[in-house]
Amino acid sequence: MIQRPIDRRIPDGWEIRQGTGVAIVSPARRRAPDLLVVPSEAVPEEREVPIPSEEVLLAVEVVSRDSATDDRVTRREECAGGRIPLYLLVDGYDPRGAGVTLFATPKGGDHADSHRVDWGEPVALPEPFGFDLETAGFRVPRD
């Protein structure tokens, strides 16, 4: 549900990757966000070689019950520290109610900007995407 609309709007020369490792801050710290948008030339030929975080345009995490704190705090801070410009958190377990938050403008160990929408509302993805990502089709977890 998330990949298709982004795939239609990514700039030429960029691609979406799932399960691809990202070297956050140093090659020793490696994460694999649920979805990445990276330049095609940054994708290594060998799957086990991580992509440097500074090559990533957008990282997406879909929160699961077991990873909620990690996705909301640790991974968000790692993306900011790794200078990933956009971090999209899709959180069906948010205690305030299911929502989607776009974090932008990495500054220090966090992001200077964030925008949260309730599940079902569109979230604006800035350029180079330049469109509203519809979240109405996202499935809210039932467990």
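Residues checked against (1) under 16 Å from residue 87 (Cβ atoms); (2) in contact with a Pro (Cβ under 8 Å, 6 or more places away or on another chain); (3) open to solvent by less than 10 Å² (accessible area, probe 1.4 Å); (4) not in a strand (DSSP E or B):
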position	(1), (2), (3), (4)
4	no, no, no, yes
8	no, no, no, yes
16	yes, no, no, no
38	yes, no, yes, no
41	no, no, no, yes
46	no, no, no, yes
49	no, no, no, yes
59	yes, yes, yes, no
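Summed over segment 34-56, the residues that are of a type in the set (A, V, I, L, M) and under 9 Å from the mean Cα position of the chain (by Cα) give a count of 3.
Could you tell me whether residue 68 is modelled with pLDDT of 90 or more and assigned to a strand (DSSP E or B)? Break it down into steps so the answer makes sense when it comes.
On the way: modelled with pLDDT of 90 or more: yes; assigned to a strand (DSSP E or B): no.
Criteria not met by residue 68.
So, residue 82, is that one crowded, with 18+ Cβ neighbours inside 10 Å, of a type in the set (Gly, Ala, Ser) and over 20 Å from residue 111 (Cα atoms) or not? Reasoning before the result, please.
Values: crowded, with 18+ Cβ neighbours inside 10 Å: yes; of a type in the set (Gly, Ala, Ser): yes; over 20 Å from residue 111 (Cα atoms): no.
No.
Take the conditions (1) part of a loop (DSSP other than H, G, I, E, B); (2) in contact (Cβ under 8 Å) with a residue 40 or more places away in the chain; residue 78 misses just one of them, which is (1).
Could you say whether any residue in segment 99-110 is within 21 Å of residue 11 (Cα to Cα), of a type in the set (Asp, Glu) and part of a strand (DSSP E or B)? No.
None of 139, 116 is open to solvent by 60 Å² or more (accessible area, probe 1.4 Å) and part of a loop (DSSP other than H, G, I, E, B) except 139. Filter segment 81-98 down to residues that are part of a loop (DSSP other than H, G, I, E, B) and of a type in the set (D, E, K, R) and give me whichever is farthest from residue 31 (Cα to Cα). So the residue we want is 96. State all residues of segment 89-143 that are touching a residue at least 40 places away in the same chain (Cβ under 8 Å) and among the aliphatic types (A, V, I, L, M); if no residue qualifies, say none. Once the filter is applied, which keeps residues that are touching a residue at least 40 places away in the same chain (Cβ under 8 Å) and among the aliphatic types (A, V, I, L, M), segment 89-143 yields 90, 98, 125, 133, 140. Might you check whether a residue that is in contact with a helix residue (DSSP H, G or I) (Cβ under 6 Å, 6 or more places away or on another chain), within 19 Å of residue 33 (Cα to Cα) and either at pLDDT below 95 or of a type in the set (A, V, I, L, M, F, W, C) (or both) occurs anywhere in segment 87-102? The answer is yes, given that some residue of segment 87-102 is in contact with a helix residue (DSSP H, G or I) (Cβ under 6 Å, 6 or more places away or on another chain), within 19 Å of residue 33 (Cα to Cα) and either at pLDDT below 95 or of a type in the set (A, V, I, L, M, F, W, C) (or both).
The values are calculated or read from the model by the stated rules, or taken from the named source; none is laboratory data. Computed from a predicted structure; not experimentally measured. When we count neighbours, we look across all protein chains shown, and the Cβ atoms used for this are built from the backbone with ideal geometry, even at glycine. Remember, those area values only see protein heavy atoms, side chains included, never the ligands or the DNA or RNA. Shrake-Rupley method; radii C 1.70, N 1.55, O 1.52, S 1.80 Å.
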